[in-house]
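Student: Questions regarding the structure given below will be posed in turn.
Where a number appears in this text, it was derived from the coordinates with a stated rule and is not lab data. Computed from a predicted model, the values in this text were never measured in an experiment. Here the Cβ positions follow ideal geometry from the backbone for every residue, glycine too, while neighbour counts run over all protein chains shown.
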Amino acid sequence: MNKKLKIILIVAIVLILAYISFYLTDYYPAETTANDYMKGTENVSVVKEGSKLFLDGPGNDTALIFYPGAKVEYVSYLPLLSEVANRGVDCYLVEMPFNIAFFDGNAADAIMDNTNYTCYVLAGHSLGGVTAASYMNGTGKADGLILLSAYPPSKITKPVLSIYGSKDEVLDVEKYNESKPLMTNLTEFVIVGGNHEQFAYYGTQSGDGIASISPEDQQMQAADKIMEFIHGLS
């Protein structure tokens, strides 16, 4: 290999590594509204346990394990999950390596293997939902699956709740509709006026539609349907 070609190769490798580094460290940080929930609420305590947050509310029987969306700081989902925990379902919010769920798709294993709830529900937003669905399909674990603006890559026979906003322009609707036959026990709910980003607090997401309702409204509607779904599992 001549000297000129070696230089070109080295430069190319450096540029590729720089791009990968930038991609993996670039993410949507949690907004102040979400960070404030780290202190917990009147009925819900928030405890950091390794690479996850444990939201301990008044319930003891059911746990929800949540996989965040890609490149979104996991703390962003605290307001939604705090509402769920406040209504009696303990929540585990998983911090993913580089904020990308498929780097630790089996994160739910450690939670289910080391706790004693009678009912476990997997949940995820966007790519986090896809990863949670893949985990359920591969392991058969958990009693139900909740997808926020997401769809499964393979067949899911256990109960599935799918929620997305009518203004969501990030979700690939064509692929979502193609995936519906894979969910043999599907409950679907469309939040009128909701979009992709407002399930959490991480600011404006590139390419998303403009919501016509507030994040609080979208998350309350989502919490209502989540609780209704979980109660139906028992």
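Student: Can you give me the span-like helices of the chain, meaning DSSP H runs with 15 Å or more of Cα extent along the axis and Kyte-Doolittle mean at or above -0.5? Please report the intermediate quantities before stating the final value.
Tutor: Details: long enough: 3-25 (33 Å, 1.96); 127-139 (18 Å, 0.41); 215-233 (27 Å, -0.56).
Going by DSSP H runs, the hits are 3-25, 127-139.
Student: Taking the Cα centre of the stretch 160-234 as origin, sum charge times position over the Cβ atoms of Lys and Arg (+1) and Asp and Glu (-1), and report the length of that vector in debye to the nearest 20.
Tutor: 160 debye
Student: Considering the Cα positions of the stretch 46-233, please state its Rg to one decimal place and its Dmax as a whole number of Å.
Tutor: 14.8, 42
Student: At 222 nm, what value in deg cm²/dmol follows for the chain if DSSP H runs of at least 4 each add -39500 (n - 2.57) and the sum is divided by all its residues, to the nearest 500?
Tutor: Taking each H run of at least 4 residues, the total per residue is -11000 deg cm²/dmol.
Student: Please go through the residue pairs Lys39/Lys158; Lys158/Lys180; Lys48/Lys71 and name each one whose alpha carbons sit more than 25 Å apart in this structure. Let's see the in-between values first.
Tutor: On the way: Lys39/Lys158 35 Å; Lys158/Lys180 13 Å; Lys48/Lys71 20 Å.
Going by Cα-Cα distance, Lys39/Lys158 fall outside the 25 Å limit.
Student: Nearest 5 percent is fine: what portion of the DSSP beta bridges confined to the stretch 46-233 is antiparallel?
Tutor: Restricted to the stretch 46-233, the bridges split so that about 25 percent are antiparallel.
Student: Shifting gears a bit: How large is the charge dipole for the chain, taken about the Cα centre, if only the Cβ atoms of Lys, Arg (+1) and Asp, Glu (-1) carry charge, to the nearest 20 debye?
Tutor: Rounded to the nearest 20 debye, it is 1060 debye.
Student: Less than 13 Å apart at the alpha-carbon level, and either on another chain or at least 8 residues along: which aspartates and glutamates does that give for Lys175?
Tutor: none
Student: Looking at the chain as a GNM with Cα springs under 10 Å, which of Glu49, Glu197, Glu95 has the largest mean-square fluctuation?
Tutor: Looking only at Glu49, Glu197, Glu95, the largest GNM fluctuation is found for Glu49.
Student: Gap in Å between the Cα centre of the stretch 28-52 and the Cα centre of the stretch 137-197?
Tutor: 26 Å
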